[in-house]
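Please treat every number below as a calculation from the coordinates, not as lab data. What you see is a predicted model; the values in this text were computed from it and never measured. Virtual Cβ from ideal backbone geometry, glycine too; neighbours counted across all protein chains shown.
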Amino acid sequence: MRRWIRPALIGLAIILAILAPVGQGNYITYVLTSWLIFSIAAMGLNLTLGYAGQISLAQASFMAIGGYTTALLTLAGWHWMLALPVALSFCFVVGLMLGYPALRVKGHFLAFVTLAFNTLVFLILRNEEWLTGGNYGLVGMPRPDFGLFSTMKQHHFYYFTLTITIVAAVIMWWIVRSPWGRAFKALRENPIRAESLGVDTRRLTLLAFAIGSTYGGLAGALVTPLVQFIEPASFGVAHSLRILLMVVVGGAGFFFGPFLGAGVVIILPEFLRFTEGYYLIIYAALVIVMLVFTPKGLIGLGALLRDRFWGKRVARGDLKQGAQLK
C-alpha cells in the first residue's frame, strides 16, 4: 500500500498546483509563480548542499547571471526560448569554475568562497552600467509568446512556469535516482570512503556545483519576464541566504524539501499579513521553533509522524527476534 502513497500525493500536488490560481487575482497568482520559481532555485541548491554536501551561498548570483543574460538577449530581439539555452550554458560553465575551490576547501571556508563570489557578481552588476544598467537595472523584457499561447496574462505565465517547473523536477528526479545521485550521497556522507570505492569525487563535486548553478540560472531566466524589471539588489547575499533557508526548512537532501521550504518562505508570510506589523515576528518565531524541534525540516517532521503512527519499517526483523530469543 505504501508504494502507492507517493504517486498519489504527487498527483494530488500537481492537481492542486493547477487549480491554485483559479479565481485568484493577479497578486496571488504572482506570489504562486514566485513560489514555483524559487522552488527551482532551491532544487539546485538542494542538489549541491543536500545531496552532495557542498555548502554554497551563491545561488542568488546564478539567478542573476541567468536573469541578466536572458534580459540582455530578449531586449536585443531574441525569443526567450532561444535566450534560455545560452543563459543555462553560461551558468553551467561559471558553476563548474566555482566548483574548483570546493576541491581544496571545505565547510565554512567554502561558504566564505561562495559568499565572496556572490558579492563579486553583485558589484559587477552594480558598477558595469554600460551593460547592466547599474542600480537602475533593465526594464521592458518581453514575456514569451508562442503564437497560439501568450504568457502576457499573469495566469498564463503561471501555467507556463508550472510546466517548466514540472520538467525541471522530472530531470532532477532522474538525476538523484540515477547512479550519479547515489554517488552524490556517498560524497556527502564520506568523501574518503567514496573515493576508495572508485567514485570520482573531483568530477562529482564540479558537477554538483554546475548542475545546481544551472537550476539557479533557470530560476533567474523566469524571474526576468515575470517582473519585466531586473536590478542588482534583487540578487544580493540576503537572497542567497533566503534560498538556503528554503532548503533547510523544507529538508536538505529530500527531493520535495525545496517545494515545501519555498512555500514556507514565499507563501506563509502572505497568510500572516492579517497580523499587520507582527507577521514577520510570528513568521521568524515559527521558523526557529521548527528548526529547533525538526532539524531535518518539514520532510523530516513528516517522516517522524509517519514512523510514530504507522510504525517504523524494520529490516530483517526475524533476525532481531531470533537474537532476542537466544
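Among the lysines of the chain, pairs at least eight places apart or on separate chains and with Cα atoms under 22 Å apart come to 5. Summarised in one figure, the compactness ratio Rg/Rh of the chain, Cα atoms and Kirkwood Rh, is 1.00.
Residues in the stretch 269-296 near a label at residue 5, defined as backbone nitrogen under 19 Å from the 7 Å Cα→Cβ point? It comes to 296, nothing else. Counting only DSSP H runs of at least 4 residues, each contributing -39500 (n - 2.57), and dividing by the residue count of the chain, the helix-based mean residue ellipticity at 222 nm comes to -23000 deg cm²/dmol.
For the listed peptides 131-140, 225-234, a ranking on the average number of other beta carbons within 10 Å per residue, highest first, reads 225-234, 131-140. In this Cβ point-charge picture (+1 for Lys and Arg, -1 for Asp and Glu), the chain has a dipole of about 1640 debye about its Cα centre. Each Cα pair under 8 Å and six or more residues apart adds its sequence gap; the mean of these over the residue count of the chain is a relative contact order of 31 percent. Normalised by the number of residues in the stretch 49-178, the mean separation of alpha-carbon contacts (under 8 Å, six or more apart) gives a relative contact order of 25 percent. With a simple spin-label model that places each label point 7 Å from the Cα along the Cα-to-Cβ direction, the separation between residue 177 and residue 96 comes to 2.8 nm.
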